[in-house]
Structures are given as C-alpha cells and as structure tokens.
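Scroll down for the structure; my scribbles are underneath it.
The values are calculated or read from the model by the stated rules, or taken from the named source; none is laboratory data. For clarity, every value in this text was computed on a predicted model and none was experimentally measured. Don't worry about glycine lacking a Cβ; one is built from the backbone with ideal geometry, like all the others, and counts go over all protein chains shown. Quick note on the areas: whole protein, heavy atoms, side chains included, nothing else; ligands and nucleic acids left out. Shrake-Rupley method; radii C 1.70, N 1.55, O 1.52, S 1.80 Å.
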Amino acid sequence: QVQLVESGGGLVQPGGSLRLSCAASGSGFIIFKMGWYRQAPGQTRELVATIIRGDSTSYADSVKGRFTISRNNAWNTVYLQMNSLKPEDTAVYYCNVQTPRNENWGQGTRVTVSS
C-alpha cells in the first residue's frame, strides 16, 4: 500500500507563488502516474495536472502557463509549482498516485489566495 504525505499549502496573496509536495512511501509498488486535483468549497473535485512515465504532462486549461508539475528522480515525490496565483485557485489540493494495482489519494493541503 502507498502512503502519501502532502505539504506546502498555505495563505498567499494574489500573484504569489506556492510549491506543493507529495511524498509516497511504502513497499512493493511502482508508480506510473502522479497528479494533483483540487476541490473548492461547494464544488466537485477537478483535475489540475498529471505526469506519467516518460514525463508527459497535462494541465487544466485554467492553470496552463502558471502551474508546473514535476517529480523527483526516484519517481516517489511529485511537486506542483504554482505561480501567478489567483483567488479562484483557492481550494484543497489533493495528490493522486496510481500504480498498476490501485489509486491512492493524499489527505489534502489547503491553498488560500487572498489579499
């Protein structure tokens, strides 16, 4: 089983930056896809960005050009660099990690963009 620990959320002013991290631990798994989702109050969870083996990435239209997803060499940590943050980026951000056996979610980290 994969355990995920997220960090990096917080309060930031519009136009600011944050970097989220999600570290996967456990044994006997190989990750083939990692991603970030977010859920704003009263809204459904939505895809923000994903990265798969081979480093192909995809982004929601609303974050293209502002957010960058990346991973470490060991393929057990995923990052989300968020620049030019807007109030509408306010949400709880969830890490998602997929192995051939299952899909795993982090506990969520809150990002608040406000002046």
Revision key, fill the gap. When all Cα-Cα pair distances of the chain are considered, the percent exceeding 18 Å is 45 percent
**Study point:** Solvent-accessible area per residue, Å², over the range 1-93 with all protein chains present [probe radius 1.4 Å]
**Key:** 52 Å²
Exercise for review: With a 1.4 Å probe and every protein chain kept in, tell me what percent of the accessible surface of the chain is carbon plus sulfur.
Suggested key: 45 percent
Point to revise | Point-charge dipole on Cβ atoms (K/R +1, D/E -1) for the chain, about Cα centre, debye to 20 | key: 120 debye
Point to revise | Dipole of the range 3-108, positive end: most advanced residue of G9, A40, N76 [Cβ charges, Cα centre] | key: N76
Check your understanding: Looking at the chain, which longest stretch skips every one of the trypsin sites (Lys or Arg not before Pro) that is in a DSSP loop with at most 11 other Cβ atoms within 10 Å, leaving the sites themselves out?
Key -> 1-63
**Study point:** Taking the chain and dividing mean pair separation by its residue count, relative contact order in percent (alpha carbons under 8 Å, at least six apart)
**Key:** 37 percent
